[in-house]
1. When you go through (1) at pLDDT below 70; (2) on the phi < 0 side of the Ramachandran plot one by one for residue 43, which number turns out not to apply?
2. If you check residue 71 against the conditions, is it modelled with pLDDT of 85 or more and open to solvent by 70 Å² or more (accessible area, probe 1.4 Å)?
3. Mind listing whichever residues of the stretch 1-19 are aliphatic (A, V, I, L, M) and surrounded by 15 or more Cβ atoms within 10 Å (Cβ to Cβ)?
Amino acid sequence: MLIDRAVSAYQEFVRVTGWIGNLSIQIEREFFGSEAPRADVQGRTIRGLTVEQHLAHLREGLLPLAERCGRAMRDALSALECLRAVPSEAVERSKPFRIALKLC
């Protein structure tokens, strides 16, 4: 179960970092591309630069999500490491038994 948890957390972390990378490309294109930064105009109101919306989405949604995925992955890996460090109680309590094989 811990291995599955670590692998799924890693998959989600890679997925979220891909989203962050795609959004970063959009932000860079708006800041440094051939077009100037543009505003979202609706009638007489201007809602602000779309870059600001992308940055807010990045700051408020994607970065905390990436941190949570990384934390879940780190916790699962440390739990796996703890399991490897200590022998199982069932193994330490069990008594050896004899196995005999008859070859005919």
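1. That leaves (2) as the condition not met.
2. On the way: modelled with pLDDT of 85 or more: yes; open to solvent by 70 Å² or more (accessible area, probe 1.4 Å): yes.
It is true that residue 71 is modelled with pLDDT of 85 or more and open to solvent by 70 Å² or more (accessible area, probe 1.4 Å).
3. Residues of the stretch 1-19 aliphatic (A, V, I, L, M): 1-3, 6-7, 9, 14, 16.
Passing the criteria: 2, 6, 9, 16.
The values are calculated or read from the model by the stated rules, or taken from the named source; none is laboratory data. All values derive from a computational prediction rather than experimental measurement. Heads up, the Cβs are rebuilt from the backbone with ideal geometry, glycines too, and the neighbour counts pull from every protein chain shown. These accessible areas exclude ligands, DNA and RNA; they are computed on the full protein's heavy atoms, side chains included. Shrake-Rupley method; radii C 1.70, N 1.55, O 1.52, S 1.80 Å.
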